[in-house]
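What follows is one structure encoded as structure tokens, with my remarks underneath.
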Amino acid sequence: MPFTSIYTIRYLIEYPDTFNSFRSRDNITISCDNCQTLSTRIVKNIKGYIVKGSKHSFCSRNCQTLYHDTTIDIPCTNCHNIFKRRKAQITDGNNFCGKSCSASYNNRVTPKRKKKVLNICSNVECDRHVRNHRSDLCECHYSEKRDLFKNMTLHEYQNKDSVKDKHPSWVNSHVRNFCRSWNKDLTEKPCKVCAYSKHVELCHKIPVSFFPKNTVMKTVNNKHNVIQLCRNCHWEFDHGLLYFYVEGSDISYAPYSNIIFTLIDAIKRYN
């Protein structure tokens, strides 16, 4: 039974019930999307076009090239300005005249970032807002918690549930993190040795591992035991190539060297 109706690939995709009513060996009259020339195609071959994602049908390769290279005027979805776009670049959904309009429209319709709302302090008796969206404490209770860590000994801190099961090489990592948090003003100064100011690191003159376990962390991270160094000078200091003289003494100090002053005297000086 011959079929005299004329179809396009896009029509068959939009109305699958009509397309599924044909048998795989039936012939369908297809119209060329460029020159509207009629041609007969087997349903089985048309299914292959649709599976590959094709939405057009052409009578020749020349018609296909002419169709995709043709530019037409279309409105921008965001600013509604008319602009030219090749047919091959036109989508079924939104079309934009530029990246700026695309970003403005998508950020407005589907925002990726939700508005940050500051919560109330997690302390039961406090109704103040938290410091920032990452914190659960207000400024006052955050300061109290920070002072609590300052007066905690190394032994007490290293026996906390969140720290005690860590690898030995990592056990002093949080102590160094506290040092960077408590001595932020030093990170704004240039390197003490070479005056490099692009990037500095905080270095302990006396390594954390040299202090007794009953030493409080504010002593370990005291600003007199911390010096700002660039990465190169920090490496030289850690490998014994740089020496620092202790105030009020003729003794110089470099980590892992044989010239180390008594830690007990250092603790008394820093306290």
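If you go through region 180-200 one residue at a time, do you hit one that is assigned by TED's automatic domain parsing to the domain that holds Asp238, part of a helix (DSSP H, G or I) and over 26 Å from Tyr243 (Cβ atoms)? Among the residues of region 180-200, at least one is assigned by TED's automatic domain parsing to the domain that holds Asp238, part of a helix (DSSP H, G or I) and over 26 Å from Tyr243 (Cβ atoms), which makes the answer yes. Of the residues making up region 200-243, just one is at pLDDT below 85, surrounded by fewer than 15 Cβ atoms within 10 Å (Cβ to Cβ) and in contact with a strand residue (DSSP E or B) (Cβ under 8 Å, 6 or more places away or on another chain), namely Tyr243. Look at region 138-156: where a residue is closer than 16 Å to His174 by Cβ and a partner is among the basic types (Lys, Arg), sitting 6+ places away or on another chain with Cβ atoms under 8 Å, you get Lys150/Lys218; Asn151/Lys218; Thr153/Lys213; Leu154/Lys213; His155/Lys213. Looking at the structure I just gave you, is Ala103 in a helix (DSSP H, G or I), at pLDDT below 80, among the hydrophobic types (A, V, I, L, M, F, W, C) and surrounded by fewer than 14 Cβ atoms within 10 Å (Cβ to Cβ)? No: the conditions fail for Ala103. Looking for whichever is under 26 Å from Lys218 (Cβ atoms) and not basic (Lys, Arg) here; the options are Val109, Val163, Val124. Which one fits? Only one candidate passes the filter, namely Val163.
Taken over region 132-178, the criterion of being farther than 15 Å from Pro212 by Cα and among the β-branched types (Val, Ile, Thr) is satisfied by Val163 alone. For region 46-87, filtering for residues that are at pLDDT below 75 and assigned to a helix (DSSP H, G or I) leaves 6. Of the residues examined, Lys166 is not one that is at pLDDT below 85, of a type outside the set (A, V, I, L, M, F, W, C) and under 22 Å from Gly240 (Cα atoms). Which one of these is more than 27 Å from Glu156 (Cβ to Cβ) and touching a Phe, Trp or Tyr at 6+ places or on another chain (Cβ under 9 Å): Val200, Val193? Sole residue among the options that is more than 27 Å from Glu156 (Cβ to Cβ) and touching a Phe, Trp or Tyr at 6+ places or on another chain (Cβ under 9 Å): Val193. Scanning region 201-240 for residues that are in contact with a Ser or Thr (Cβ under 6 Å, 6 or more places away or on another chain) and free of Cβ contacts under 8 Å to residues at least 40 places away in the same chain yields one hit, Gly240. Looking only at region 141-172, residues that are surrounded by 13 or more Cβ atoms within 10 Å (Cβ to Cβ), of a type outside the set (D, E, K, R) and not in a loop (DSSP other than H, G, I, E, B) come to 7 in all.
The values are calculated or read from the model by the stated rules, or taken from the named source; none is laboratory data. On a predicted model such as this, the values are computed, not experimentally measured, just so you know. Using ideal geometry, Cβ is built from the backbone for each residue, glycine included, and neighbour counts are taken over all protein chains shown.
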